[in-house]
Amino acid sequence: MTKPALLVTTVLMSLTLLSILIYTTIITELPNTASLKNINYQTPLKIYSHNNVLIDQFGEKKRTPISYNKVPPQLLNAFIASEDQRFYNHHGVDLRGLLRAIFKLVISGKKKQGGSTITMQVARNFLLTREKTYIRKIKEIILALKIENELTKNEILELYINKIFLGRKAYGVVAAAEVYYGKPLAKLSLAQLAMVAGLPKAPSSLNPINDPDRALIRRNYVLNRMLTLGYINQVEFDDAHAQPITASRQKQLSTVTAPYFSDMVRIKVIDLLGDKAYESGLKVYTTLNIKLQKTATSALRNALHNYEERHGYRAEPIDPLRTSQYIGDTILATIKAVNPDQITAQLADKTTIIISRKNFKWALPSQSTNPKNTVEENFQPDTLVRVRQSRNGQWRLSQEPEVEGALISIDPQTGAIISLVGGFDFKRSKFNRATQLKRQPGSGFKPILYTTALENGYTLASIINDAPIVYESQSNKTEWRPENYSGKFFGPTRLRTALRKSRNLISIRLLREIGIAKIISTAQRFGLSESQLPNNLTLALGSGTASPLEMARIFSVFANGGFLIEPYAISRIENSQGEIIFQTQRKVACTTCKVTQQHKNNYAPRIISPEISFLMNSLLQDVISRGTARRAKSLGRKDLAGKTGTTNQQRDAWFNGFSPKITTITWVGFDDSKPLGKKETGGRTSLPMWIDYMKTALQEHPEESFTPPKGIVKSYINPTTGLPEKPTKKGIWEYFRQELAPRKIPKEHHQKIPENNSITPMDSLF
């Protein structure tokens, strides 16, 4: 053999051996294509309301898998026409397309995309990385051939349409329909389907939101390919080709504004199941009532706006580059014209709005002797302002509230959280004031104090002296002189009147007489921890700390007849296959159930007796019928009870109220605890939010009176002394535990209340 021949033979053998080595190496490194038979798509965590309406989703990738037979046929045709026209004729690799790509490489000297079939794209997307190397291309080809031997064409297409990235965090065709058009895949027109099918080529740069012009060209290319291949006729082509771009930035899929609630649920799910919950397609079904959530959001925002308007217009310059167009329910607008009777303004979308004088009058300087002359001075043309639309549809001058608020509403029988709002705007502040806020409850703590008093021999007729108190500190020689909110003193006062009027000095004396230890013990039974409760006399005035969620739990004890329920938001969690992997084991309050040891875990524990619960409800009803929450009488119901709460210097304004079927807590305050201002009490600042919400919430619940249990009687007493009295015009009826009813007058002056008889309205007792 000549030397040249030997050299050629050696080279050929070396290349052959090298090819075999590369091939065998690649084969051993290839992933198993059998895994494609059981794909778990990376799908987001989805959160649903109590009636299975999607309210939010979390996860980097938006994806909703769909089966092949539910995909519009024209969408499949569009993908085949634009991505792989010989899909049904090749076995994974299109040799013509591959050779064409190689030819372009040789001519240009540059690697260009091309030659990949749909099957090869499936191989790359599921089994390989996206690195652009020749070795990866060889692996892609080999895997495509294997996939075609193991899967049907329909199975391959199903994998493709669910996995492919289509821009704007949309993975799969269902997500693309939602992201670009805000509607189900089945509702897309031919033009829209062609737009979706054109996205794989360059999903980030060719999508109709980022670059509508280039996207239109690509869509029309797809339509032309479909016409050429006979998937559509000329009429269909002409109609679709003439359609404008209809894609737009979509708001959240749900119309429900519940970001604080859904974020709370998200955190709970991650605590339970870890970070994988973001990608494993979990469905979380919650207790949220959509209708009442909307009502709660509106009620909170309206209350904060009303507070802002009471305290005047700040007239702060607005920098459009440093603020959002939308904050809460307010929107930026540019003033165009001003006169004493109206302001004409323009929204960002060029919509012209009119603000009548009555809707901006609150913003005029109060010191002006002639407000009509100040309109032009304060609202110059081209000035940026915030506006909002009132419930009656009228536009109103507004401003971004500095004050914050919270509302939480729960079912007192089960603990289910019905609605929750943790602030004015989640984007502005993600701090959830409904659950994370720890503030002094003020007089909202007094029901715990009075419960302890009733458990320790006091009655609603017990007399406590409302008189000045001075306490001297031995350590720093300072004096503490607590006062009632009014600054006045009223002498001997019955407990019923004391709570109704929220008398601070009586609360302090009561705590001192009972003992701090007993009060703390009761508070712990209601779910508060020792660290939240100061071990001094200020505890009587609510100087401890509690969240609105904890206050909802406390007041639900009275609403449900004496049981401590556990608030919860998650009913159950299902995996991507629809299997339940978590379910809340709720404990319900049940006054008529005989709790056996076997079924103990099904029921909430009783922490106060039925008698004490009834007496407290009678007291708390009085707060609404005759006390600091009289505004709530506007609801026209007799089954409402609650307690206002105002802390020192009006830093916090609360209303804690309930009916037998719903407990709702509202709070207003500043995040930095600065004072709300003079007269900004719980009854003025927070109660209107509660009324606004409960007006709708109570529609779902017929009026239901609190039923007195056995062991409760009513006796005639002297309203001044609290002592028994013969029935006269000067006396009043009062409720007593039977063993503590006055005994100094004949029995006939005690009235036993028949079983199942509803509570007598307190207005008839006084």
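Pull up all non-local amide H partners of residue 466: gap of 5 or more, or a different chain, and H-to-H distance under 5 Å with H placed in the peptide plane.
490, 491, 493
If the only charges are +1 at each Lys and Arg Cβ and -1 at each Asp and Glu Cβ, what is the size of the charge dipole of the range 440-543 around the Cα centre, to the nearest 20 debye?
It comes to approximately 340 debye.
Per DSSP H run of n ≥ 4, the term is -39500 (n - 2.57); total these for the chain, divide by its residue number, and report the mean residue ellipticity at 222 nm rounded to 500 deg cm²/dmol.
-10000 deg cm²/dmol
Rank by packing, highest mean first: peptides 298-305, 685-692, 627-634, 563-570, with packing defined as the count of other Cβ atoms within 10 Å averaged across residues.
Per-residue Cβ counts within 10 Å, averaged per peptide and sorted highest first, yield 685-692, 298-305, 563-570, 627-634.
When only Cα pairs under 8 Å and 6 or more residues apart are kept, what is the percent relative contact order across the range 62-241?
Normalised by residue count, the contact order of the range 62-241 is 26 percent.
Ranked from highest to lowest mean number of other Cβ atoms within 10 Å per residue, what is the order of the peptides 199-211, 378-390?
For the peptides 199-211, 378-390, the packing ranking is 199-211, 378-390.
With an 8 Å Cα cut-off and a minimum separation of 6 or more residues, compute the relative contact order for the chain in percent.
10 percent
Give me the aspartates and glutamates in straight-line cross-link reach of residue 638: C-alpha distance below 12 Å, same-chain residues under 8 apart excluded.
Counting by Cα, and skipping residues close in sequence, residue 638 has these aspartates and glutamates nearby: 622, 703, 704, 763.
Run the numbers for residue 150 and residue 42: contour at 0.36 nm per residue of separation, minus the present Cα-Cα distance, in nm.
Going from the current span to full extension adds 36.6 nm.
With unit charges on the beta carbons (Lys and Arg positive, Asp and Glu negative) and the dipole taken about the Cα centre of the chain, which residue among 567, 478, 52 sits farthest to the positive side?
After comparing all options, I get 478.
For the chain, find the longest principal axis of its Cα atoms and tell me its angle to the long axis of helix 212-228, 0 to 90°, nearest 10.
Approximately 50 degrees, to the nearest ten.
Relative to the longest principal Cα axis of the chain, at what angle does helix 134-150 sit, 0 to 90 degrees, rounded to 10?
80 degrees
Sorted by packing (mean other beta-carbon atoms within 10 Å per residue), highest first, where do 522-534, 150-162 land? Walk me through the numbers before you get to the answer.
Working: 522-534: 17.0, 150-162: 18.9.
In decreasing order of mean packing, 522-534, 150-162 become 150-162, 522-534.
Relative to the longest principal axis of the C-alpha atoms of the chain, give the angle of the C-alpha long axis of helix 516-525, reported between 0 and 90° and rounded to the nearest 10°.
For 516-525 against the chain, the angle is about 40 degrees.
Among 235, 118, 89, pick out the residue whose Cα is farthest towards the positive end of the charge dipole of the range 62-241, where Lys and Arg carry +1 and Asp and Glu carry -1 on C-beta, about the Cα centre.
118
What ranking of 431, 126 emerges when the number of other C-beta atoms within 10 Å of each C-beta is taken as an exposure proxy, fewest first?
431, 126
Given H placed on each backbone N at 1.01 Å, which residues far from residue 280 in sequence or on other chains put an amide H within less than 5 Å of it?
Correct list: 43.
Output ³J(HN,Hα) for the range 698-708: one whole-Hz value per residue in order, computed from phi by the Karplus curve 6.51 cos²θ - 1.76 cosθ + 1.60 with θ = phi - 60°, and x for Gly and Pro.
6, 4, 7, 9, x, 4, 9, 6, 6, 8, x
How far is it, in nm, from the label point at residue 354 to the one at residue 531 when both lie 7 Å from their Cα along the line to the Cβ?
5.9 nm
Output wanted: per-residue J couplings in Hz (rounded whole) for the range 404-410, from phi through Karplus 6.51 cos²θ - 1.76 cosθ + 1.60, θ = phi - 60°, x for Gly and Pro.
10, x, 8, 9, 9, 10, 9
Only Lys, Arg, Asp and Glu count, each charged at its Cβ (+1, +1, -1, -1), so figure out the dipole size of the chain about its Cα centre, rounded to 20 debye.
420 debye
Where in the range 377-391 does the amide nitrogen come within less than 18 Å of the point 7 Å from the Cα of residue 342, taken along Cα to Cβ?
Zone members listed by number: 379-382, 387-390.
Residue by residue, what Karplus-based ³J(HN,Hα) values in Hz, rounded to whole numbers, does the range 186-191 have, using 6.51, -1.76 and 1.60 with θ = phi - 60° and x for Gly and Pro?
With the stated coefficients, the range 186-191 comes to 5, 8, 6, 7, 4, 4 Hz.
What percent does the relative contact order of the range 544-687 come to when contacts are Cα pairs within less than 8 Å and at least six residues apart?
Contact order relative to length: 21 percent.
If the reach is capped at under 19 angstrom between alpha carbons, list the aspartates and glutamates near residue 137, excluding any in the same chain fewer than eight residues apart.
Once the sequence-local aspartates and glutamates are set aside, what remains near residue 137 is 29, 83, 84, 94, 148.
Just report the Cα centroid separation between the range 620-644 and the range 531-577, whole Å.
22 Å
Each value in this text was obtained by applying a stated rule to the coordinates, not by laboratory testing. A quick note: this is a predicted structure, and the numbers were derived from the prediction, not measured. Heads up, the Cβs are rebuilt from the backbone with ideal geometry, glycines too, and the neighbour counts pull from every protein chain shown.
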